[in-house]
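Structure, as structure tokens:
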Amino acid sequence: MNFKRNILITGGAGFIGSHVVRLFVRKYPDYRIINLDKLTYAGNLANLEDIEQEPNYCFVKADICDFERIYALMQEYRIDGIIHLAAESHVDRSIKDPFTFARTNVMGTLSLLQAAKLYWESLPEKFEGKRFYHISTDEVYGALELTHPEGIEPPFTTTASSSEHHQAYGTDFFYEDTKYNPHSPYSAAKASSDHFVRAYHDTYGLPTIVTNCSNNYGPYQFPEKLIPLFINNIRHRKPLPVYGKGENVRDWLYVEDHARAIDLIFHEGKTAETYNIGGFNEWKNIDLIKVIIATVDRLLGNAEGASLDLITYVTDRAGHDLRYAIDSTKLQKELGWEPSLQFEEGIEKTVRWYLDNQPWMDRITSGEYEKYYEEMYKGR
Ligand code: NAD
Ligand code: TYD
């Protein structure tokens, strides 16, 4: 079959990547979607079971750092668009093992950039109709002050979201031109990769685009991250480790809204531009944790507040960024994107999904799926 486009999505077996792959496979039957993933501990093909048989989907197990292999795959699949999500993504792991983060996030991105450049330059039309879309994070901007610890209601200096909870913990936000100031090895590696992407545009004219998004939540997130970890711990009556005093603030966006933004920007974003993506939905960790507890308890039929005693304050994360808050006005004004879900609705859907999909969670937490994939790909 001749496809209209051949799009390489890296990291498609991970949390956000799986939502992007699903959206593209379903929405664009005339595109071939090539999901390239190394299947690290965070990659899980069970995230894509519902679409893996689709005729416009294929999976390739590969490491983005393997330049020769990536270059060969670019030719084999005649790739004309890349949506790059593959990365090491957990801050706590980056504190313990920064080298892996530099390798994957920096060298892996560089290897993809170089493979795209060389392959596209070899074609008669060169960069015409091509796109290299790099998915980054708001964490590259560093941390904001918490100038209003009790929170303030809109209007802030910026547009309010559709969320009921639109409240901010300071008057400052991350804008597209906010200076980079990463603090963790994770965000330093992501910042470095962003610089390489922009350098490839400025130096070689590669048609790049970068987006920086706030914290995502929703189905299929690996349960080392706050929300799925806490939902699972509540279910099993295990302690909920709150770092420091639980006063850090994050801006939460439902993952399908991020995937929709990626689709829109991939198709309509301007080359060489940066877009911030966020929910105007700031929560102090401890307040968010109380919402999660209340929702899980209600859905499990527990008495109100039954799991509050699981909250356990633990030593703070080293270099723990105090507040992240994205201003996504540019994306809203230029491309008309808005978060579609109110937070209350998103968190209810999310908790329900984890409770209804306990086998998915059990396979990960028992380590079974890692053994399964090792077996499956032995010798390949
Ligand atoms: P994730 O950890 O769930 O998934 C990462 C995926 O990348 C996994 O499937 C893994 O197997 C794959 N991978 C890792 N190293 C690889 C390599 N060397 N070669 C090929 N594949 C490799 O991450 P996520 O939360 O889905 O994040 C995806 C992207 O979005 C990352 O670039 C991250 O920085 C960015 N981001 C995440 C968030 C968030 O809240 N999760 C917010 C903003 C931006
Ligand atoms: P996380 O989900 O790891 O995302 P990020 O560090 O990229 O923002 O953590 C979200 C917030 O929750 C962050 O402020 C750290 C905090 N946190 C805890 O308090 N306890 C935990 O066990 C985890 C994983 C995170």
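Annotations
- Charges were assigned to the Cβ only: +1 to each Lys and Arg, -1 to each Asp and Glu. The resulting dipole of the chain about its Cα centre is roughly 860 debye.
- Pairs of alpha carbons in the stretch 180-292 whose separation is greater than 17 Å (percent): 66
- Of the beta bridges in the chain, as assigned by DSSP with both residues counted there, near 10 percent are antiparallel.
- Between ARG363 and TYR175, the contour length at 0.36 nm per residue exceeds the Cα-Cα span by 63.7 nm.
- Computed FRET value (nearest 0.05) for LYS61 with LYS371, which takes r as the C-beta separation and R₀ as 22 Å: 0.90
- Here the Karplus curve 6.51 cos²θ - 1.76 cosθ + 1.60, taken at θ = phi - 60°, turns the phi angles of the stretch 254-261 into couplings of 5, 4, 5, 5, 5, 4, 5, 5 Hz, with x standing for Gly and Pro.
- If you take all other residues with their beta carbon under 13 Å from the beta carbon of PHE99, and give Lys and Arg +1 and Asp and Glu -1, the sum is +1.
- Relative to the current alpha-carbon distance between LYS238 and ILE152, full extension at 0.36 nm per residue lengthens the span by 27.6 nm.
- Peptides 180-192, 314-326 ordered by average Cβ neighbours within 10 Å, highest first: 180-192, 314-326
- Extension gain, LEU123 back to ARG352 (0.36 nm per residue minus Cα-Cα distance, nm): 77.6 nm
- Cross-link pairs LYS126/LYS190; LYS96/LYS333; LYS4/LYS349; LYS130/LYS190 - those with Cα-Cα distance over 31 Å: LYS96/LYS333; LYS4/LYS349
- Cα point-scatterer Debye curve for the stretch 132-237, base-10 log of I(q)/I(0) at q = 0.10, 0.12, 0.13, 0.21 Å⁻¹: -0.42, -0.60, -0.69, -1.20
- From phi via Karplus (6.51, -1.76, 1.60), per-residue ³J(HN,Hα) for the stretch 197-210 in Hz, x at Gly/Pro: 4, 5, 5, 5, 6, 5, 8, 10, x, 4, x, 9, 8, 10
- DSSP beta bridges confined to the stretch 238-380 are antiparallel in about 40 percent of cases.
- The chain, helix-only ellipticity at 222 nm - DSSP H runs n ≥ 4, -39,500 (n - 2.57), divided by all residues, nearest 500: -11500 deg cm²/dmol
- Convex hull of Cα atoms in the chain, direction-averaged projection (nm²): 18.4
- Spherically averaged projected area in nm², based on the convex hull that wraps the Cα atoms of the stretch 70-199: 10.5
- Cut-off 10 Å between beta-carbons: net charge of the residues surrounding ARG78, Lys and Arg +1, Asp and Glu -1: 0
- Rounded to the nearest 10 degrees, the inclination of helix 343-356 to the longest alpha-carbon principal axis of the chain is 80 degrees.
- For the stretch 1-80, the Kirkwood radius over C-alpha pairs fed into Stokes-Einstein at 25 °C and 0.890 mPa s yields D = 195 µm² per second.
- Approximate spin-label separation GLU145-PHE99, in nm, with each point projected 7 Å along Cα-to-Cβ: 4.1
- Phi angles across the stretch 25-37 convert, under the Karplus curve 6.51 cos²θ - 1.76 cosθ + 1.60 with θ = phi - 60°, into 3J(HN,Hα) values of 4, 6, 7, 10, x, 8, 9, 8, 9, 9, 8, 10, 8 Hz, Gly and Pro given as x.
- Neighbourhood net charge (13 Å Cβ-Cβ; Lys/Arg +1, Asp/Glu -1) for PRO182: -2
- Scaling the Cα radius of gyration of the stretch 88-154 by the globular reference 2.2 N^0.38 Å produces a ratio of 1.72.
Just so you know, all these numbers are worked out from the coordinates, no wet-lab data involved. What you are looking at is a predicted structure, and each value in this text was computed from that prediction instead of being measured. Cβ atoms come from the backbone with ideal geometry, glycine included; neighbour counts cover every protein chain shown.
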